1. Out of everything in the range 73-90 that is within 16 Å of the chain's Cα centre (by Cα) and among the β-branched types (Val, Ile, Thr), what residue ends up being modelled with the lowest pLDDT?
2. What number of residues in the range 146-160 are at pLDDT 80 or above and exposed (fewer than 14 other Cβ atoms within 10 Å of the Cβ)?
3. Is there a residue in the range 102-125 that is at pLDDT below 70 and exposed (fewer than 13 other Cβ atoms within 10 Å of the Cβ)?
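The values are calculated or read from the model by the stated rules, or taken from the named source; none is laboratory data. No experiment lies behind these values; they were computed from the predicted model shown. Every residue, glycine among them, receives a Cβ derived from its backbone with ideal geometry; neighbour counts consider all protein chains shown. Just the protein is used for accessible areas: all its heavy atoms, side chains included, with ligands, DNA and RNA removed. Shrake-Rupley method; radii C 1.70, N 1.55, O 1.52, S 1.80 Å.
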Amino acid sequence: MGALDDDIESVLYSSEEISRRVSELAAQITADLDNNKSNNTESSPPVVVVGVATGAFLFLADLVRNVKLPITVDFIRAESYGSGTVSSGDPRILSDLKMDILGKHVILSGNIICTLKKLLCNSAHLSHSGASSISVCTFLDKPARRKVNFELVGEGKYYCGFECPDYFVVGYGLDLAELYRNLPYVGVLKPEMYK
């Protein structure tokens, strides 16, 4: 165990559980995209997986390596936490896509959904950029923190790795002030580390 591990109260999802669940999500996405392709008489629009930087990078890398169809990948950067532990509630786009998503199916991929405001901000931004449909694939969903509901765009679907209890969690891309992202598991952070 390293120094970062000492700050963890308990492991919520092990690296093995994460690997298994991400493979299942990728298989579901592959099946859904394949079904959409075979149900359309015209060629299906290209699929762009958009990661919400920085937290989604580990999840996104594992996810796309397991999707068995042609896809492209891009990133968008939005911020609502800064270096704190509570969302400002006012997310803003800091860095936009490099790819043109006009007429394409977008899978917006993030590490956690809490208040949904960042998701709504990103989804609205992608919709205004001309995406034909927007699906959401989140590693964790934290329903206890939801303040608003969201609607998928077009033929979009919702994919979720795990429903997360209302703990402050870190690891596998999740951070506190940019630390702990490199833990291979998701752990509950000891309260004294952020109070």
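1. Taking the candidates together, the pick is 76.
2. Summing the residues that are at pLDDT 80 or above and exposed (fewer than 14 other Cβ atoms within 10 Å of the Cβ) in the range 146-160 gives 1.
3. Taking every residue of the range 102-125 in turn, none turns out to be at pLDDT below 70 and exposed (fewer than 13 other Cβ atoms within 10 Å of the Cβ).
Residue-by-condition table, conditions (1) open to solvent by less than 10 Å² (accessible area, probe 1.4 Å); (2) on the phi > 0 side of the Ramachandran plot; (3) β-branched (Val, Ile, Thr):
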| residue | (1), (2), (3) |
| --- | --- |
| 134 | yes, no, yes |
| 139 | yes, no, no |
| 144 | no, no, no |
| 162 | no, no, no |
| 167 | no, no, no |
| 182 | no, no, no |
| 191 | no, no, no |
